[in-house]
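The values are calculated or read from the model by the stated rules, or taken from the named source; none is laboratory data. Every value quoted in this text rests on a predicted model; they were computed, and no experiment measured them. Every residue, glycine among them, receives a Cβ derived from its backbone with ideal geometry; neighbour counts consider all protein chains shown.
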Amino acid sequence: MRRGLISRSPAELPDAALEARLARVRAAMAEARLDALLIYTNNTRPAGVSWLTGFVPYWSEALLVVPRERAPVLVVALTYRVKSWIERTSRVADAIHTPRIGLEAARMIAAAAPAAAVGIADLDGLSAGIVDDLREGGPRLALSDASTMFARLRAEADPAEIALAVAAAAIAQRALAQVKGGEKLGEMMAAAEREARKLGAEEIYLAAAPDLARDCRFKRIEGDAPLGERFALRTSVAYKGTWIRLSRSFETNGSASANEPAAAQLAEAVAELPSERGFAGVSSWLVEGCRIAQPLAPLMGSRIAAPTPPVPGALVSVQATLSIDGRPVLVGAPALIGRRGEAASLLVRPD
């Protein structure tokens with residue numbers, strides 16, 4: 001469950017941006033001969049619905065019904081008391097409240113067209129219970145997987161999404177700037193989280209690699225953990241529905257000698273994306289981005305057997321384990337894949 005304030009700013013996410021996204025979706029629906037599109041959301045899979053409407057759930061779940069000819073409707077498993085909040089934070093025609101969101105969504109579509117063709121974004125990620133309710137509520141509806149269609153539409157970031165990612169990255173950068181050597185790990189992580197929430201983050205998750213000489217894997221830390229000479233923190237920040245990751249390494253004596261060369265090396269590797277060339281010789285690296293519903297899904301990396309390279313104009317978050325002066329350094333930052341032959345670039349430098 002999220003704890004930060006979730007609100008919508010028309011200046012940061014204008015109606016025109018949402019209308020342009022919806023128009024692209026409807027054009028693709030017409031080409032695919034779909035009468036309606038369904039997109040699922042919950043607190044771990046919010047990205048598809050927030051991209052089209054601005055709605056981000058604190059908890060529970062919902063289905064966005066996108067008819068080809070009418071305004072979208074949100075069917076939510078939330079009580080009626082949050083209806084006014086949904087209306088303030090989302091651009092939808094209506095919010096319908098019911099514990100069985102699949103049943104109600106199917107009935108709504110079937111009432112207008114009993115044999116409608118209905119595409120479902122991320123069908124494989126939808127629970128069997130919701131699929132069963134869709135079939136019960138609309139027994140003649142023709143359900144199909146619209147994941148490929150939606151992922152193609154979602155792949156390239158528009159100016160509003162890029163601006164939100166830059167804002168989220170700035171929050172993460174300022175949060176990690178609160179970390180000072182010589183303090184306990186729990187105190188440093190608390191200071192970073194406090195700063196992020198003060199700056200408007202609706203969520204922040206912190207992970208740590210407390211001793212890079214022993215283990216370079218990020219872990220969720222409860223309480224304190226003993227620190228080695230060099231440690232690393234990764235912050236995952238959500239702002240207005242847009243998620244980014246930022247990672248950097250620290251030394252317990254307060255020195256930042258390894259950060260600048262690591263950030264420079266990461267920037268050089270990122271400039272080659274979506275090609276893997278820049279990461280040749282890097283033992284561990286990962287590129288994450290949003291395809292449909294998960295804000296940060298693995299796309300390509302040293303442990304990804306079947307990569308999905310990001311398209312030109314895509315927003316991604318990149319992290320890598322580099323060797324600086326013979327010692328491991330963990331570093332990561334959000335990046336924008338270049339368009340029209342331009343090199344990919346970091347949104348912020350993690351140094």
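Scanning region 270-315 for residues that are small (Gly, Ala, Ser), over 22 Å from residue 51 (Cβ atoms) and crowded, with 22+ Cβ neighbours inside 10 Å turns up nothing.
Here 119, 102, 129 are screened, and the one residue that is under 25 Å from residue 59 (Cα atoms) and either in contact with a Cys (Cβ under 6 Å, 6 or more places away or on another chain) or assigned to a strand (DSSP E or B) (or both) is 119. Within region 16-44, the set of residues being at pLDDT below 95 and among the hydroxyl-bearing types (Ser, Thr, Tyr) comprises just one member, 44.
With a requirement of 1 or more residues that are over 21 Å from the mean Cα position of the chain (by Cα), surrounded by fewer than 20 Cβ atoms within 10 Å (Cβ to Cβ) and hydrophobic (A, V, I, L, M, F, W, C), the helices (runs of 4 or more DSSP H) lying completely within region 1-98 that satisfy it span 15-32, 83-89. Residues in region 178-202 that are in contact (Cβ under 8 Å) with a residue 12 or more places away in the chain and hydrophobic (A, V, I, L, M, F, W, C): 179, 185, 188, 189, 191, 192, 196, 199, 201. With the condition kept exactly as written, say whether any residue in region 31-46 is acidic (Asp, Glu), under 24 Å from residue 125 (Cα atoms) and in contact (Cβ under 8 Å) with a residue 60 or more places away in the chain. Scanning region 31-46 turns up at least one residue that is acidic (Asp, Glu), under 24 Å from residue 125 (Cα atoms) and in contact (Cβ under 8 Å) with a residue 60 or more places away in the chain. Which residues, counting only those in region 211-226, are within 24 Å of residue 243 (Cβ to Cβ), touching a strand residue (DSSP E or B) at 6+ places or on another chain (Cβ under 9 Å) and in a loop (DSSP other than H, G, I, E, B)? Passing the criteria: 216, 217, 218, 220, 221.
Inside region 305-351, residues that are of a type in the set (Val, Ile, Thr) and within 14 Å of residue 275 (Cα to Cα) make up a count of 5. The set of residues in region 237-262 being under 21 Å from residue 284 (Cα atoms) and buried (at least 21 other Cβ atoms within 10 Å of the Cβ) consists of 244, 245, 246, 247, 248, 249, 250, 258, 262. Filter region 225-236 for residues that are under 25 Å from residue 264 (Cβ atoms) and small (Gly, Ala, Ser); which is surrounded by the fewest Cβ atoms within 10 Å (Cβ to Cβ)? Once the filter is applied, the top-ranked residue is 228. Please enumerate the residues belonging to region 174-191 that are surrounded by fewer than 20 Cβ atoms within 10 Å (Cβ to Cβ) and within 28 Å of residue 8 (Cβ to Cβ). Hits for region 174-191 are 174, 177, 178. Scanning region 232-261 for residues being within 30 Å of residue 45 (Cα to Cα) and assigned to a strand (DSSP E or B) gives a total of 16. Taking the criterion of being part of a helix (DSSP H, G or I) and farther than 15 Å from residue 251 by Cβ, the residues of region 188-210 that qualify are 189, 190, 191, 192, 193, 194, 195, 196, 197, 198. Taking region 205-224 as the range and being touching a Gly at 6+ places or on another chain (Cβ under 8 Å) and buried (at least 17 other Cβ atoms within 10 Å of the Cβ) as the test, the residues that pass are 210, 211, 212. Does residue 236 satisfy the criteria of being within 25 Å of residue 13 (Cα to Cα) and not charged (D, E, K, R)? Spelling it out, residue 236 is indeed within 25 Å of residue 13 (Cα to Cα) and not charged (D, E, K, R).
Screening 329, 270 for residues that are touching a helix residue (DSSP H, G or I) at 6+ places or on another chain (Cβ under 6 Å), within 21 Å of residue 233 (Cα to Cα) and of a type outside the set (D, E, K, R) leaves exactly one candidate, 329. Residues in region 114-173 that are surrounded by 22 or more Cβ atoms within 10 Å (Cβ to Cβ) and either modelled with pLDDT under 95 or at positive phi (or both): 154 only.
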